[in-house]
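The values are calculated or read from the model by the stated rules, or taken from the named source; none is laboratory data. The model shown is predicted, which means the values in this text are computed figures rather than measured ones. Glycine also receives a Cβ, built like all others from the backbone with ideal geometry; neighbour counts cover every protein chain displayed.
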Amino acid sequence: MYERYQIDWEAYHQRAQTGPCFICQIIARDPSFPADIIYEDASFIVFLDKYPRVIGHTLVAPRKHREQVTGDLTLAEYLDLQRMVYRAAEAVRQEMGAERVYLLSLGSNQGNAHIHWHIVPLPPGVPYGEQQLGVYRQGILRISEKDRVSLVARIRERIERTT
């Protein structure tokens, strides 16, 4: 349904290692870092991945810049963040009719350091060899703005109903 393309990974990694924090820039509404924001509150932000391998690929991050998945958070803060990840993952799972939802905390202290969770919905019927990390071997989906806006609204509605 959607065309796939490849990004310049060398340039991407160069920006990640030398540029400003992309999540902090999204939160600050820097026009150089546009994002399809699904949900935000005083503590968290949820938005569509800029480079999705599957439709519905979503990121969840704390608003405060934190770099260690557990070390920079109190237990209470970590559990609150995981509640948000759960709410977003359930909303994505339901909206996409996912066979399974993958949750990954990616990033590096050397680039994309702001902690964030990827919510990757596995569409039904994907052959086993293309599941799990095989999802990441695919090209990036080119999703129209109209489809992204619609998806954001549908996932937002489900998040707001999930507690």
(message) Considering only segment 73-85, I want to know if a residue exists there that is touching a residue at least 60 places away in the same chain (Cβ under 8 Å) and not polar (S, T, N, Q).
(response) no
(message) For the structure I just gave you, tell me whether residue 145 is without any contact (Cβ under 8 Å) to a residue 24 or more places away in the chain, farther than 12 Å from residue 56 by Cβ and acidic (Asp, Glu).
(response) yes
(request) Scan segment 55-70 and give yes if some residue there is within 14 Å of residue 158 (Cα to Cα) and touching a Lys or Arg at 6+ places or on another chain (Cβ under 9 Å), otherwise no. (result) yes
(message) Based on this model, can you work out whether residue 33 counts as in contact with a helix residue (DSSP H, G or I) (Cβ under 6 Å, 6 or more places away or on another chain) and either modelled with pLDDT of 95 or more or closer than 23 Å to residue 154 by Cα (or both)?
(response) yes
(message) Please count how many residues of segment 71-118 are in contact with a Gly (Cβ under 7 Å, 6 or more places away or on another chain) and closer than 14 Å to residue 159 by Cα.
(response) 3
(message) Among the residues in segment 37-59, are any polar (S, T, N, Q) and in contact with a strand residue (DSSP E or B) (Cβ under 8 Å, 6 or more places away or on another chain)?
(response) yes
(request) For residue 150, work out the one condition from (1) surrounded by 13 or more Cβ atoms within 10 Å (Cβ to Cβ); (2) assigned to a helix (DSSP H, G or I); (3) hydroxyl-bearing (Ser, Thr, Tyr) it doesn't fulfil. (result) (1)
(request) Kindly indicate which of 66, 87, 53 is in contact with a helix residue (DSSP H, G or I) (Cβ under 7 Å, 6 or more places away or on another chain) and either more than 22 Å from residue 160 (Cα to Cα) or of a type in the set (S, T, N, Q) (or both). (result) 53
(message) Among the residues of segment 75-122, what is the count of those that are closer than 24 Å to residue 24 by Cα, among the basic types (Lys, Arg) and buried (at least 18 other Cβ atoms within 10 Å of the Cβ)?
(response) 1
